[in-house]
Every structure is written in C-alpha cells, then in structure tokens.
Amino acid sequence: MKQLTLTTHITEASIEELSPSERSLVEAAREATSRSYAPYSHFHVGAAILLDNGETVTGSNQENAAFPSGTCAERTACYYAHSRHPDSRFTAIAIAARGTDGEELAQPIAPCGACRQALLEYETLAGRDVKVILTARDKVYILPSVRSTLPLAFSEF
C-alpha cells in the first residue's frame, strides 16, 4: 500500500496586489452579488468570468423554493458565457459573496463541488488553466486552475 499526498497551492494577496484586469474581474464579481436572488439563504454570491475575447460575463446565485432547482453563481456565469460566446475560452473566474448581514465575507469562499466540476468542463475545453480568484473583504486567494480546486477530478470526457 502506498500513501499519496495532494497539495493545492494558493496565493494570498490584497486587492491592491492584483493586476488591473484581475482587479476589474473581482469588482465585476462583487457587483454581481447585487443581482443575486437569495430570499431563503440571504447569502449572495457573484461570479465573473474573463473570456479570451476580452469579454467579462457575470452571474449570481438564483434560489428557488424547490431548493434543488436553484443555481449557483458560478454555473449561472459559465453556462451564460458559453451560450453567448461559444467560440471563446475562459481565462479566469472571480467569485465574491456577501453574508446574511449583507456585508462582503471576511474569508474567501470556494465554489461547491458541482460548480467545480462544471467549471472543469470549460477549463478542459479551453485546453489551458483557468485562474480562480476567490475574493473577500480584505484579501483574495488565487489558485492557478480550476483543476487545483478539485483533487481527483472527473475529467475523462
């Protein structure tokens, strides 16, 4: 028997340390939280995806009284991005959230497992890493790829 170790490298930075394009993507994700429909959880999430054609596409979580019928911000953004720009590829995604008090979270949050898998599909389609930027009130986490958020990913498709 052999033990394996999985490691995820995360860079922690301040918003000021980001490049102008990364900062713009974070601001778009933060702004997208205002379009969230979250009457049940009161947890507002926004996502912004930068495409290789220079476009930024945003999405927000959309809840429904039939709880499995809602959609996370990340999947809202990625499905919309691909439906509007089917020939463009993702280069980066930023994710922001506001808690039940309406304030931006103190700690970055990561996408749920379903969103990670959906985003991995588009990273695979892009044929290159898609940077993941998780933002909070005073800091951001930068991950080199969607795959880095999903150890032992299902990618044989």
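Restrict the search to region 1-87; then list the GluC sites (Glu not before Pro) that DSSP places in a loop and that have at most 13 other Cβ atoms within 10 Å of their Cβ.
Hits after loop and neighbour filter: Glu55.
Let's see if you can work this out: charge +1 on each Lys and Arg Cβ, -1 on each Asp and Glu Cβ, no other charges. What is the dipole magnitude of the chain about its Cα centre, in debye to the nearest 20?
320
Set Lys and Arg Cβ to +1 and Asp and Glu Cβ to -1, take the dipole of the chain about its Cα centre, and tell me which of Thr5, Tyr37, Ile93 lies farthest positive.
So the residue furthest toward the plus end is Thr5.
Subtract the Cα-Cα distance of Ala110 and Arg35 from 0.36 nm times their separation in residues, and report this length gain in nm to one decimal. It would help to have the intermediate numbers written out before the result.
Values: separation 75, 0.36 × 75 = 27.00 nm, distance 1.91 nm.
Net length gain for the segment: 25.1 nm.
Could you quote the convex hull projected area for the chain, Cα atoms only and averaged over all directions, in nm²?
Averaged projected area of the chain's Cα convex hull equals 10.6 nm².
Bear in mind these aren't lab numbers, they're just calculated from the coordinates by the rules spelled out. Given the structure is predicted, the values throughout are model-derived calculations rather than measurements. Using ideal geometry, Cβ is built from the backbone for each residue, glycine included, and neighbour counts are taken over all protein chains shown.
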